Amino acid sequence: MPDLTLDKHIPLDETMMIKRESGERSYPIWLIVNPKHPAVRHNIWTPALAEIQDKVYREIHKIIDVSNIYIRNVVCDSRIVPTKLNWWGSEIAKEIELFREIVLENKPKILITFGSFPYEFSRRVYGIKPEKGPRHWGNSNLGDEFEKLIENFDINRTNRIPLLRRLVSSNKFMEGHNYLEKSYFHYVGTKLAEKIIENKDSFDIWI
């Protein structure tokens, strides 16, 4: 396995190259993405960030500089993302160990994951039991986890914050929490903004 801490570009085959990570590891907010679903950066994070910026500016008249936000593909190769045929194999175990080293060294304040696999991956990085299969983390369970982890937010540790990978009007999370698409982004953006505002002096993120 290549030294991922030195090489930000991981070859998948002779014709394809992905960028494994971007931004600065020293930035206190990280985004962890499934390489199979890169569109979450636009479809989920962008509208959530707009809500965060809006509330932060209205409350404390500051703007978050996200130009160096750290974004990382949870695994180097989308072909090793767990499926029914390819479960949590040795390649995933190596990725977990690698990422554990990175987070322990850099200690981000907020680690945002998108969807089931990145969230369960983050749980295993931190040794949280019992281990679950990604299918356990449907939208309803991810929504419950978001609310629990936001409630227990602690600026002195890394806070794992799960966001959904996609929104559909019929999904259980939207029904169970009475959210429309726009209100989901408003809800999660507002909750994240509140924690950032509460701890504004501990975040070196301002323009």
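Within the stretch 115-146, the set of residues being over 21 Å from residue 35 (Cβ atoms) and buried (at least 19 other Cβ atoms within 10 Å of the Cβ) comprises 143, 146. Being assigned to a helix (DSSP H, G or I), closer than 19 Å to residue 197 by Cα and not small (Gly, Ala, Ser) is a property that residue 55 has. Which of the numbered conditions does residue 162 fail, given that it passes all the others? Conditions: (1) touching a strand residue (DSSP E or B) at 6+ places or on another chain (Cβ under 8 Å); (2) modelled with pLDDT under 95. Here residue 162 meets the rest and fails (2).
Out of the residues in the stretch 1-21 meeting the condition of being surrounded by 14 or more Cβ atoms within 10 Å (Cβ to Cβ) and closer than 20 Å to residue 105 by Cα, tell me which one is modelled with the lowest pLDDT. In this case the residue turns out to be 4.
The single residue among 49, 111, 85 that is in contact with a strand residue (DSSP E or B) (Cβ under 6 Å, 6 or more places away or on another chain) and either at pLDDT below 90 or under 24 Å from residue 198 (Cα atoms) (or both) turns out to be 111. Residue 131 meets all of the listed conditions (1) assigned to a loop (DSSP other than H, G, I, E, B); (2) within 29 Å of residue 204 (Cβ to Cβ) but one, namely (2). The residue that is nearest to residue 74 (Cα to Cα), among those in the stretch 165-189 that are surrounded by fewer than 16 Cβ atoms within 10 Å (Cβ to Cβ) and at pLDDT 55 or above, is 166.
Going by what's in this entry, would residue 108 be described as outside any helix (DSSP H, G or I), within 25 Å of residue 155 (Cα to Cα) and free of Cβ contacts under 8 Å to residues at least 24 places away in the same chain? So residue 108 fails the test. So, in the stretch 58-82, exactly how many residues are of a type in the set (A, V, I, L, M), outside any loop (DSSP other than H, G, I, E, B) and either closer than 30 Å to residue 197 by Cβ or touching a residue at least 60 places away in the same chain (Cβ under 8 Å) (or both)? Result for the stretch 58-82: 3.
Among the residues of the stretch 114-128, is any under 18 Å from the mean Cα position of the chain (by Cα), among the acidic types (Asp, Glu) and either closer than 23 Å to residue 191 by Cβ or in a loop (DSSP other than H, G, I, E, B) (or both)? The answer is yes, given that some residue of the stretch 114-128 is under 18 Å from the mean Cα position of the chain (by Cα), among the acidic types (Asp, Glu) and either closer than 23 Å to residue 191 by Cβ or in a loop (DSSP other than H, G, I, E, B) (or both).
Annotation note: Cβ proximity below 8 Å between a residue of the stretch 30-48 that is closer than 12 Å to residue 66 by Cβ and a residue that is surrounded by fewer than 15 Cβ atoms within 10 Å (Cβ to Cβ) and among the hydrophobic types (A, V, I, L, M, F, W, C) (sequence gap 6+ or interchain) occurs for no pair. Of the residues examined, residue 51 is not one that is surrounded by 14 or more Cβ atoms within 10 Å (Cβ to Cβ), more than 20 Å from residue 23 (Cβ to Cβ), charged (D, E, K, R) and without any contact (Cβ under 8 Å) to a residue 40 or more places away in the chain. Residues in the stretch 34-52 that are out of contact with any Phe, Trp or Tyr (no Cβ under 6 Å at 6 or more places or on another chain) and outside any helix (DSSP H, G or I): 35, 36, 37, 38, 39.
The values are calculated or read from the model by the stated rules, or taken from the named source; none is laboratory data. Predicted model only: the values in this text are computed from it and were never measured. As a convention, Cβ positions derive from the backbone with ideal geometry for all residues, glycine included, and neighbour counts pool all protein chains shown.
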